[in-house]
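Input: a single structure, listed below in structure tokens.
The values are calculated or read from the model by the stated rules, or taken from the named source; none is laboratory data. Predicted model, so just to flag it, every value in this text is computed and none were measured. Here Cβ is always computed from backbone atoms with ideal geometry, including for glycine, and neighbour counts include all displayed protein chains.
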Amino acid sequence: MNSKPTNMSNSAFPVSGKQEYTITVYTENQIGILNRISIIFSRRKINIHNLNTSPSEVPGIHRFNIVIEETEEVIKKLVRQIEKQVDVLKAYYNTNEEIIWQEMALYKVPTDIIVEKAKVERLLHQFGARVVAIRKDYTVFETTGHREETDKLIAALEPYSLIEFVRSARVAIIKESEGFHSKVKEFEKRQPGEEVIENEFLDKKEEVFTM
Amino acid sequence: METLEITKEEKKLTSKTSTNVSGSVAVLEILVAEKVKTVFGYPGGAIMPIYDALYDYPDKIEHILTRHEQGSIHAAQGFARTSGEVGVVFATSGPGATNLVTGLADAMIDSTPLVCITGQVFAHLLGTDAFQETDVVNITTPVTKWNYQITDATEIPSVLTKAFYIARSGRPGPVLIDITKNAQIQKFDFEGYVPCKHVRSYRPKPNVRKVYIEEAAKLINEAKKPFVIFGQGVILGEAEKEFKEFIEKAGLPAAWTILGLSALPTDHPLNVGMLGMHGNYGPNVLTNDCDVLIAVGMRFDDRVTGRLDKYAKQAKIIHLDIDPSEIDKNVKTTVPVWGDCKETLPLLTDLLTRKSYPEWLAKFEEYKQKETEVCFNKDLRPSSEKLTMGEVMNLLNELTEGNAIIVSDVGQHQMVACRYGKFNQTRSNVTSGGLGTMGFGLPAAIGAKYGAPEREVIAVIGDGGFQMTLQELGTIMQNNVDVKIVILNNEFLGMVRQWQELFNERRYSFTDIQSPDFVALAGAYHIPGQKVLERNKLKNALKEMLDHDGAYLLEVMVGREHNVFPMVPQGCSVAEIRLS
């Protein structure tokens, strides 16, 4: 899935800049795997921006989405360390251009202020927000989208005494992925085909390999 | 366990009628089926049901009671290193389990196959701060290849067989299985042993790609100054023969990491010596002179590479490793040859041109001469009265003719033991490489002897490290373990003192260490011994030790402020190695 050429400079200390990457991990549904994965980051003092675990398209297989900001060199090493874990089937990393992603946010505001002062219809329309609850004392809006979009609604609601805000972790679909069903079948074989072997890009000469 | 994929044929093979047994009996039955004959351990409350069941297995499983759980796990490591089998440890919950952590970390970084079974409080007490409860699975997660908590006896057969499979396959490592007391007591229908040969989410070795074998062969065939560096991968992959054929066919000089030591006989004409911080002169300097560097089953540890941005920049790098995460981790590879070196080396050897590099080899010889003048002579033929660690090792070599297993602890004596140790056969050097665990030596020597009972086992230990685990003299006494112990006593924590001398203006901050009368201490455990202060008594004392039937402790007083040279100071390139 990731087949960007590897930087061939012979250095363990990359100088290139950091950027946001989304790591997708397919795992067995085992207690403790979340810890095994998260300590790979904390051991290296790398902050996880957000992390989501959910079922995947394959029953019994869990899917993690982890968002961090790092250089590609570092990401590649991290992904290899993740994939090395016994209960991990496969790990990928992608830039934001390579994925379709969404984050959901909830906003709680005082009903009286919002009704009195804000043009609610306009808010809803402009930010693609929905009202998910209206009580006498508070109203909860919801919006789903990229970070900038959910951030914009915070800015818009702040003047109206935003009481509570929460944003979910990112969920992401890899554009080029064909899903995991066929891969799982390969993993279940004693002698898996080329599809699941770790060095799947070894054949591509210039690229040397990536995960 | 949905991750255990076992074929129907295998189930048929072992289609015993099920018997109603306790979890503890199932644990022991699985151990017996996995051909485990030796277990190192220490009982306690939460593992009592397993120990109770063990009482009925005296003919099948030999249990070695150590004096501390750290002793158990280091012994299991020594056992695994010399035997090539999985070392097995029993410990109780809480402190018993936490005492394993150092050994787990050591086994993890040195890829030693272990299965540790820890008792745990009853499942219904988990999380209640029960007596001797600790969160063992979470404490040990970073230092295990895999770990798992069993709370129900029915899980025992599949989880334990999986544990053995994971510990020994691919790049080996320690596995910890925590079993709650209720699961040990619980009766269930045990359907017999079914071996684990496949785990869906786990690939022990990557598939070999022919194209990279071909590219590697091309690079080697075209090389003018090829240089092979090898590590424990050769031993773990049982590829000593394949490795020898590989270097012999193409006439490749080969140097080793301390865990690779003994994979190739030390007197082999292509063995050019030791890599790294206290390695030999030639292999370090010429790393930065070779044109193709071929790394086999080693991981470019910082003690081997020195300063990375000045490491072998001129060379094309071929890296053979079974663990994909090692490729490009520290040093960028030109050709990555992923796979088990037992498989990749013969494929590579087939494509090599028969060659020799007399001029290139002469360069190693040249550096060896320089090292001899400055270092070897000082170490082996000292002008002062004070004994040196080097001459003790030299005499040992002479007497054992390179046939003994040498177990070393950590520090100056370790570097000397590895630099000067002579080895004719593989799995003869046991030391704590990656973690540098002081206190490893004595218990590891006990395990090493159980792993290779027919061989001579000599533990070479410093005065500091010995005092970290000297309680294991009790284990030696109780089990009549025939290990020879050589304490090289410089009355200092020598390696730290050396750094203080060289880099901290001789500010010897807390490295001056007093020792008990080691010979008297051994005497208290009914282990004979003697102390040597003079050169003319050394050889006879070593002979006496080797001739003695049973354990023996020999304390040798060596120069207090001797240094280990050559040395690549931290932060320097391998080419900046100092001879003095």
>> Between a residue in the stretch B:110-137 that is free of Cβ contacts under 8 Å to residues at least 24 places away in the same chain and any residue that is of a type in the set (A, V, I, L, M), which pairs come within a Cβ distance under 9 Å, given they are 6 or more apart or on different chains?
In response: B:THR128/B:VAL121; B:ALA130/B:VAL121; B:ASP135/B:LEU126
> Of the residues A:ILE66, A:ILE46, which single one is closer than 30 Å to B:PRO172 by Cβ, more than 12 Å from chain B (Cβ to nearest Cβ), modelled with pLDDT of 95 or more and crowded, with 19+ Cβ neighbours inside 10 Å?
Replying inline: A:ILE66
> In the stretch A:80-92, what residues are within 14 Å of another protein chain (Cβ to nearest Cβ) and either part of a strand (DSSP E or B) or more than 30 Å from B:SER169 (Cβ to Cβ) (or both)?
Replying inline: A:VAL88, A:LEU89, A:LYS90, A:ALA91
> Residues of the stretch B:421-453 being touching a His at 6+ places or on another chain (Cβ under 7 Å) and not in a helix (DSSP H, G or I), which ones?
Replying inline: B:PHE440
> Restricting to the stretch B:339-385, what's the tally of residues that are in contact with an Asp or Glu (Cβ under 7 Å, 6 or more places away or on another chain) and either within 14 Å of another protein chain (Cβ to nearest Cβ) or under 17 Å from B:ALA223 (Cα atoms) (or both)?
Replying inline: 2
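Quick one: in the stretch B:180-197, which of the residues that are within 14 Å of chain A (Cβ to nearest Cβ) and surrounded by fewer than 20 Cβ atoms within 10 Å (Cβ to Cβ) is nearest to B:ILE317 (Cα to Cα)?
Within the stretch B:180-197, the subset within 14 Å of chain A (Cβ to nearest Cβ) is B:180, B:195-197.
If we keep only those that are surrounded by fewer than 20 Cβ atoms within 10 Å (Cβ to Cβ) too, we end up with B:195, B:197.
Numbers: B:PRO195: 39, B:LYS197: 34 Å.
Looking at the filtered set, the residue picked out is B:LYS197.
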> Within the stretch B:302-316, which residues are in a helix (DSSP H, G or I) and of a type in the set (Ser, Thr, Tyr)?
Replying inline: B:THR305
> Filtering the stretch A:49-63 down to residues that are within 14 Å of another protein chain (Cβ to nearest Cβ) and surrounded by 16 or more Cβ atoms within 10 Å (Cβ to Cβ), which residue is farthest from the chain's Cα centre (by Cα)?
Replying inline: A:VAL58
>> I'm checking my understanding of the structure. Among residues of the stretch A:20-31 that are surrounded by fewer than 16 Cβ atoms within 10 Å (Cβ to Cβ) and over 22 Å from A:LYS175 (Cβ atoms), which one is nearest to the chain's Cα centre (by Cα)?
In response: A:ASN29
>> Every residue in the stretch B:99-154 that is crowded, with 21+ Cβ neighbours inside 10 Å and over 19 Å from B:GLY173 (Cβ atoms), please.
In response: B:GLY119, B:GLN120, B:VAL121, B:ILE150, B:ALA153
> Under 6 Å by Cβ, and 6 or more places apart or on different chains, what pairs join a residue from the stretch B:202-221 that is in contact (Cβ under 8 Å) with a residue 40 or more places away in the chain with one that is charged (D, E, K, R) and in a helix (DSSP H, G or I)?
Replying inline: B:VAL208/B:GLU343
>> So A:ILE75 passes all but one of these: (1) touching a residue at least 60 places away in the same chain (Cβ under 8 Å); (2) in the same structural domain as A:VAL184 (by TED's automatic domain parsing); (3) surrounded by 15 or more Cβ atoms within 10 Å (Cβ to Cβ). Which condition number does it fail?
In response: (1)
> In the stretch B:475-580, which helices (runs of 4 or more DSSP H) lie fully inside it and hold 3 or more residues that are closer than 26 Å to B:THR372 by Cβ?
Replying inline: B:494-503, B:535-547
> How many residues are farther than 23 Å from B:LEU395 by Cα and either modelled with pLDDT under 95 or assigned to a loop (DSSP other than H, G, I, E, B) (or both) when one looks only at the stretch B:454-474?
Replying inline: 3
> Got at least one residue in the stretch B:263-286 being within 18 Å of the chain's Cα centre (by Cα) and closer than 30 Å to A:VAL25 by Cβ?
Replying inline: no
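Results for (1) out of contact with any helix residue (DSSP H, G or I) (no Cβ under 6 Å at 6 or more places or on another chain); (2) in contact (Cβ under 8 Å) with a residue 40 or more places away in the chain; (3) surrounded by fewer than 24 Cβ atoms within 10 Å (Cβ to Cβ), shown as yes or no for each residue.
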residue: B:GLU391; (1), (2), (3): no, yes, yes
residue: B:ASP409; (1), (2), (3): no, yes, no
residue: B:GLN425; (1), (2), (3): yes, yes, yes
residue: B:LEU442; (1), (2), (3): no, yes, no
residue: B:GLY447; (1), (2), (3): no, yes, no
residue: B:GLY451; (1), (2), (3): no, yes, no
residue: B:VAL457; (1), (2), (3): no, yes, no
> Where in the stretch A:101-211 are there helices (runs of 4 or more DSSP H), lying fully within it, with 3 or more residues that are at pLDDT below 95, assigned by TED's automatic domain parsing to the domain that holds A:LEU89 and closer than 30 Å to B:GLU326 by Cβ?
Replying inline: A:181-187
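So for the stretch B:440-458 (the condition being assigned by TED's automatic domain parsing to the domain that holds B:VAL519 and closer than 24 Å to B:GLU534 by Cβ), does at least one residue qualify? Working first, answer last.
The initial filter retains those residues of the stretch B:440-458 that are assigned by TED's automatic domain parsing to the domain that holds B:VAL519, namely B:440-458.
If we keep only those that are closer than 24 Å to B:GLU534 by Cβ too, we end up with B:458.
Yes, the conditions are met somewhere in the stretch B:440-458.
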>> Where the second residue is buried (at least 22 other Cβ atoms within 10 Å of the Cβ) and assigned to a loop (DSSP other than H, G, I, E, B) and the first is more than 10 Å from chain B (Cβ to nearest Cβ) and lies in the stretch A:20-34, which pairs have Cβ atoms under 7 Å and are six or more apart or on separate chains?
In response: A:THR22/A:ARG170
> Which residues, taken from the stretch B:343-364, are basic (Lys, Arg) and crowded, with 20+ Cβ neighbours inside 10 Å?
Replying inline: none
> For the stretch B:523-530, does any single residue satisfy the condition of being within 26 Å of the chain's Cα centre (by Cα) and not hydrophobic (A, V, I, L, M, F, W, C)?
Replying inline: no
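Hey, does the stretch B:460-470 have a residue that's in contact with a helix residue (DSSP H, G or I) (Cβ under 7 Å, 6 or more places away or on another chain) and closer than 30 Å to B:LEU270 by Cβ? Before you say what the answer is, go through the steps one by one.
Restricting attention to the stretch B:460-470, the residues satisfying the condition of being in contact with a helix residue (DSSP H, G or I) (Cβ under 7 Å, 6 or more places away or on another chain) are B:460-462, B:465-466, B:469-470.
Now narrow it down to the ones that are closer than 30 Å to B:LEU270 by Cβ: B:460.
The answer is yes; a qualifying residue exists.
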>> What's the total number of residues in the stretch B:93-145 that are touching a Lys or Arg at 6+ places or on another chain (Cβ under 7 Å) and assigned to a loop (DSSP other than H, G, I, E, B)?
In response: 5
